[in-house]
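Encoded as structure tokens, the structure appears first; notes follow it.
The values are calculated or read from the model by the stated rules, or taken from the named source; none is laboratory data. Just so you know, these numbers come straight off a predicted model, no measurement behind them. When we count neighbours, we look across all protein chains shown, and the Cβ atoms used for this are built from the backbone with ideal geometry, even at glycine.
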Amino acid sequence: MREEKRKSMFNSLKGKRALVTGASTGIGAAIAEQLAMHGAQVGVHYRSNLKDAQAVVDRVRSLSGWGELFQGDLLDITVQQNLIRNFVDACGGIEILVNNAGGIYDYVHFSELNEKSWDNTFNLNVKAPFFLIKEAFPHMKKNGGGKIVNITTVSAKYGGSSHNLHYAASKSALDTLTIGFAREGAKHKILANSIRCGLIETGMQKKIPGYTEKLFKQRLNLIPLQRAGTPDDIARMAIFLLSECGDFITGQIFSVSGGD
Ligand SMILES: NC(=O)c1ccc[n+]([C@@H]2O[C@H](COP(=O)([O-])OP(=O)(O)OC[C@H]3O[C@@H](n4cnc5c(N)ncnc54)[C@H](OP(=O)(O)O)[C@@H]3O)[C@@H](O)[C@H]2O)c1
């Protein structure tokens with residue numbers, strides 16, 4: 001009996017309705033595909049990269065039978081407020097939300113950072129997840145529960161560097177939202193956790209003007225396991241938390257970072 005239960009651990013994801021933000025590439029794409037691999041119905045949200053998002057949703061459909069694309073710039077408050085409703089209209093409810101879309105506006109020394117970059121970074125990494133969770137909460141309550149994973153960074157632990165202090169601070173605020181929403185959600189069986197990513201090899205670093213190969217290598221040397229992570233390293237942790245394996249885990253912040 002116990003063995004049977006062990007075998008079926010990830011089966012609890014079958015048929016679950018999951019929205020993953022920023023799922024066109026990198027970590028979000030890996031989480032979307034692994035959710036679908038375990039039978040979840042997945043909403044693939046993207047901002048501008050339709051080509052890659054389309055490839056992800058095609059794979060999702062072939063794995064689980066249900067996948068839809070959702071487009072929107074999460075800097076826009078109307079997208080922040082309407083994305084969940086659009087997803088629920090398409091599949092009738094939501095049990096899983098992965099706040100993965102995120103990033104840094106302006107990788108520059110803090111002495112040169114302007115207000116717009118500060119605001120955009122906090123808007124995308126804190127305000128957007130806040131409004132998405134706020135909108136998802138009533139639906140999850142109605143379903144009898146739900147699970148939320150917020151993707152943050154080990155920079156939140158260290159305070160970032162001189163060039164990404166604002167990014168680290170915004171992700172630290174998202175970790176605080178995780179803890180607060182976990183407390184508020186517990187009585188409704190809504191569980192929330194953060195995954196703090198270490199250095200993960202995705203396209204993200206290449207998109208940051210000023211972030212060089214040399215900086216990447218220097219950063220690599222600080223990692224005890226001496227390698228960058230892969231999107232699947234993060235997706236496996238997300239699957240663990242979002243499946244039955246995570247049923248007694250909430251309000252926690254996990255580093256997946258090669259010991260960093
Ligand atoms: N890679 C790392 O080393 C690392 C480390 C720590 C934390 N993280 C976090 O992990 C998450 C995923 O990063 P990644 O490395 O997988 O990056 P990525 O490959 O660049 O993917 C970022 C995703 O977010 C979407 N996105 C970006 N800005 C958006 C906006 N304004 N509105 C809506 N969607 C937006 C992108 O959409 P489009 O491409 O379609 O525009 C894309 O789907 C982020 O939250 C990041 O902060 C990454």
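What pairs can you find where one residue is in the range 119-143 and within 12 Å of Ile77 (Cβ to Cβ) and without any contact (Cβ under 8 Å) to a residue 12 or more places away in the chain, the other is in a helix (DSSP H, G or I) and within 12 Å of the ligand (Cβ to nearest atom), and their Cβ atoms are less than 8 Å apart, with a gap of 6+ or different chains?
From the range 119-143, no pairs qualify.
Can you tell which of Ala23, Ala29 is part of a loop (DSSP other than H, G, I, E, B) and either farther than 21 Å from Met140 by Cβ or touching a His at 6+ places or on another chain (Cβ under 8 Å) (or both)?
Testing whether each residue is part of a loop (DSSP other than H, G, I, E, B) and either farther than 21 Å from Met140 by Cβ or touching a His at 6+ places or on another chain (Cβ under 8 Å) (or both) leaves just Ala23.
Could you tell me which of the residues Ala169, Ala156 is surrounded by 15 or more Cβ atoms within 10 Å (Cβ to Cβ), in a helix (DSSP H, G or I) and near the ligand (Cβ under 10 Å from one of its atoms)?
Ala156
Every residue in the range 214-231 that is part of a helix (DSSP H, G or I) and of a type in the set (A, V, I, L, M), please. Break it down stepwise before answering.
Going residue by residue through the range 214-231, those that are part of a helix (DSSP H, G or I) are 214-221, 231.
Residues satisfying the conditions are Leu215, Leu220.
Among the residues of the range 74-92, write down those that are over 19 Å from the mean Cα position of the chain (by Cα) and assigned to a loop (DSSP other than H, G, I, E, B). Write out each step before concluding.
From the range 74-92, those over 19 Å from the mean Cα position of the chain (by Cα) are 78, 89-92; that's our starting set.
Selection gives Gly92 alone.
When you scan the range 93-117, how many residues do you find that are within 19 Å of Ser162 (Cβ to Cβ), within 22 Å of the chain's Cα centre (by Cα) and surrounded by fewer than 18 Cβ atoms within 10 Å (Cβ to Cβ)?
Looking only at that region, the number is 2.
Starting from the range 66-91, take each residue that is more than 27 Å from Met37 (Cα to Cα) and in contact (Cβ under 8 Å) with a residue 40 or more places away in the chain and list its partners that are polar (S, T, N, Q) and assigned to a helix (DSSP H, G or I), counting only C-beta distances under 8 angstrom and pairs at least six apart or across chains.
From residues that are more than 27 Å from Met37 (Cα to Cα) and in contact (Cβ under 8 Å) with a residue 40 or more places away in the chain, the pairs are Leu75/Asn120; Leu75/Asn123.
Quick one: what pairs do we get from the range 233-260, first residue farther than 26 Å from Gln41 by Cβ, second charged (D, E, K, R) and part of a loop (DSSP other than H, G, I, E, B), C-beta under 8 Å, 6+ apart or different chains?
Gly258/Arg227
Among all residue pairs at least 6 apart or on different chains, which show Cβ distances below 7 Å where the first residue, located in the range 193-207, is farther than 13 Å from Gly103 by Cβ and the second is among the hydroxyl-bearing types (Ser, Thr, Tyr) and assigned to a loop (DSSP other than H, G, I, E, B)?
Short answer, once both residue conditions are applied: Asn193/Thr250; Arg196/Ser257; Gly198/Ser257; Glu201/Thr230.
Need the failing condition index for Arg61 against (1) charged (D, E, K, R); (2) over 17 Å from the mean Cα position of the chain (by Cα); (3) within 29 Å of Ile104 (Cα to Cα), just the number.
With respect to (1) charged (D, E, K, R); (2) over 17 Å from the mean Cα position of the chain (by Cα); (3) within 29 Å of Ile104 (Cα to Cα), Arg61 is out only on (3).
Anything in the range 89-106 that is within 16 Å of the ligand (Cβ to nearest atom) and of a type in the set (D, E, K, R)? List them, or say none.
To start, the set of residues in the range 89-106 that are within 16 Å of the ligand (Cβ to nearest atom) comprises 97-106.
Answer for the range 89-106, where residues must be within 16 Å of the ligand (Cβ to nearest atom) and of a type in the set (D, E, K, R): just Asp106.
For the range 54-61, does any single residue satisfy the condition of being touching a Cys at 6+ places or on another chain (Cβ under 7 Å) and closer than 19 Å to Ala238 by Cβ? I'd like the intermediate steps shown before the answer.
Here is the first cut: in the range 54-61, the residues touching a Cys at 6+ places or on another chain (Cβ under 7 Å) are none.
Scanning the range 54-61 turns up no residue that is touching a Cys at 6+ places or on another chain (Cβ under 7 Å) and closer than 19 Å to Ala238 by Cβ.
On the given criteria, is Ile253 within 16 Å of the ligand (Cβ to nearest atom), touching a helix residue (DSSP H, G or I) at 6+ places or on another chain (Cβ under 7 Å) and at pLDDT 95 or above?
Values: within 16 Å of the ligand (Cβ to nearest atom): yes; touching a helix residue (DSSP H, G or I) at 6+ places or on another chain (Cβ under 7 Å): yes; at pLDDT 95 or above: yes.
Yes: the conditions hold for Ile253.
Which members of the range 32-58 meet the condition of being over 13 Å from the mean Cα position of the chain (by Cα), near the ligand (Cβ under 7 Å from one of its atoms) and not in a helix (DSSP H, G or I)?
Selection gives Arg47, Ser48, Asn49.
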